[in-house]
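Participant: Shown below is the structure under consideration.
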Amino acid sequence: PALKFTGTADQGALNLEATLDLDPTRFGILSSSLPDCQVAGLIKAQADPLAGTWAVQTDVKATGTDLSKFSPTIPRNTASSWMIKAQARNASDGLDVEQLDISGNGISLVLAKPLRLTNGRLPTEAALTLTARDANLVSLTPFLAMANLTATAGRWTGEAELALVQGEPTITTVKTHAFAGLTLERAGKVLLKEVDAQLPLRSYFLVTSN
């Protein structure tokens, strides 16, 4: 089954597990209207209605199965898979995110310390570590597509710390970001072709934010 639930109750506390195996190609005539993304894995939730507490954990894999739909230059059935691990629980004034770890294709984005999300407010303190180890930039195409961009070739290596300090965003380069053979398209037209570059993200952020 695409979705399987199990659960137990103990003295008012509920423990639920959902096993996911979602493949949009299995939904018949609805398939063409669904995102081209397979999702598989486990979601766990604990809740105590009397105490007013709840917590949730995810350990899922999301896969875009065919990136060639973004550009004929990308080979058919090129996939982009991401593991998403997260833990969160409610707090008296919002939500505590205890873990966020997104990784795949040589790229990882990790929450460096727990994050408090206060009701109706953006966080003032946050820290994430972004690392790329010879990452295939084509795998980022589903995200770049939101800006009408497509990466059809290229590798990326580097590391940066992303943070909010008293509400102000900062980016600190830990290891200079090196791009090799980057080819970028917009609406089918080549913007960059086989570009090699090194980029300290702090400098880039300061320039582009002015």
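Participant: Which of the residues spanning the range 52-65 are open to solvent by 70 Å² or more (accessible area, probe 1.4 Å) and either of a type in the set (A, V, I, L, M, F, W, C) or touching a Pro at 6+ places or on another chain (Cβ under 9 Å) (or both)?
Facilitator: Across the range 52-65, the qualifying residue is only W54.
Participant: Any idea which of N136, N105, N148, N119 is open to solvent by less than 70 Å² (accessible area, probe 1.4 Å) and out of contact with any helix residue (DSSP H, G or I) (no Cβ under 8 Å at 6 or more places or on another chain)?
Facilitator: Values: N105 fails: out of contact with any helix residue (DSSP H, G or I) (no Cβ under 8 Å at 6 or more places or on another chain); N148 fails: open to solvent by less than 70 Å² (accessible area, probe 1.4 Å); N119 fails: open to solvent by less than 70 Å² (accessible area, probe 1.4 Å).
Going through N136, N105, N148, N119 in turn, the sole match is N136.
Participant: Could I ask something else about it? Quick check, is L128 aliphatic (A, V, I, L, M), touching an Asp or Glu at 6+ places or on another chain (Cβ under 8 Å) and not in a loop (DSSP other than H, G, I, E, B)?
Facilitator: Working: aliphatic (A, V, I, L, M): yes; touching an Asp or Glu at 6+ places or on another chain (Cβ under 8 Å): yes; not in a loop (DSSP other than H, G, I, E, B): yes.
Spelling it out, L128 is indeed aliphatic (A, V, I, L, M), touching an Asp or Glu at 6+ places or on another chain (Cβ under 8 Å) and not in a loop (DSSP other than H, G, I, E, B).
Participant: I would also like to ask the following. I'm told T25 meets every condition in (1) of a type in the set (S, T, N, Q); (2) out of contact with any helix residue (DSSP H, G or I) (no Cβ under 7 Å at 6 or more places or on another chain); (3) exposed (fewer than 14 other Cβ atoms within 10 Å of the Cβ) except one. Can you identify the failing condition by its number?
Facilitator: Looking at each condition in turn, T25 falls short on (2).
Participant: What is the number of the single condition among (1) under 20 Å from A126 (Cα atoms); (2) in contact with an Asp or Glu (Cβ under 9 Å, 6 or more places away or on another chain) that G64 does not meet?
Facilitator: Failed condition: (1).
Participant: Which of the residues that make up the range 34-51 are of a type outside the set (G, A, S) and open to solvent by 60 Å² or more (accessible area, probe 1.4 Å)?
Facilitator: The answer is L34, P35, Q38, K44, Q46, P49, L50.
Participant: Also, I was wondering about something else. Within the range 66-83, take every residue that is in contact with a strand residue (DSSP E or B) (Cβ under 8 Å, 6 or more places away or on another chain) and assigned to a loop (DSSP other than H, G, I, E, B) and give me the one that is surrounded by the most Cβ atoms within 10 Å (Cβ to Cβ).
Facilitator: Out of the qualifying residues, it is F70.
Participant: Which residues, taken from the range 85-101, are part of a strand (DSSP E or B) and open to solvent by 50 Å² or more (accessible area, probe 1.4 Å)? If you could, list the steps in order and put the result at the bottom.
Facilitator: At the first step, the residues of the range 85-101 found to be part of a strand (DSSP E or B) are 85-91, 94-101.
Residues satisfying the conditions are K85, Q87, R89, E98, Q99, L100.
Participant: Let me ask something else. Just checking, how many residues over the range 155-199 are modelled with pLDDT under 90, over 19 Å from the mean Cα position of the chain (by Cα) and crowded, with 16+ Cβ neighbours inside 10 Å?
Facilitator: The number of residues fulfilling the criteria is 1.
The values are calculated or read from the model by the stated rules, or taken from the named source; none is laboratory data. The shown structure was predicted, so the numbers you read here are calculated from the model rather than taken from an experiment. Cβ sites come from the backbone with ideal geometry, for glycine too, and all protein chains shown count toward neighbours. Areas reflect the complete protein model, heavy atoms only, side chains present, ligands, DNA and RNA absent. Shrake-Rupley method; radii C 1.70, N 1.55, O 1.52, S 1.80 Å.
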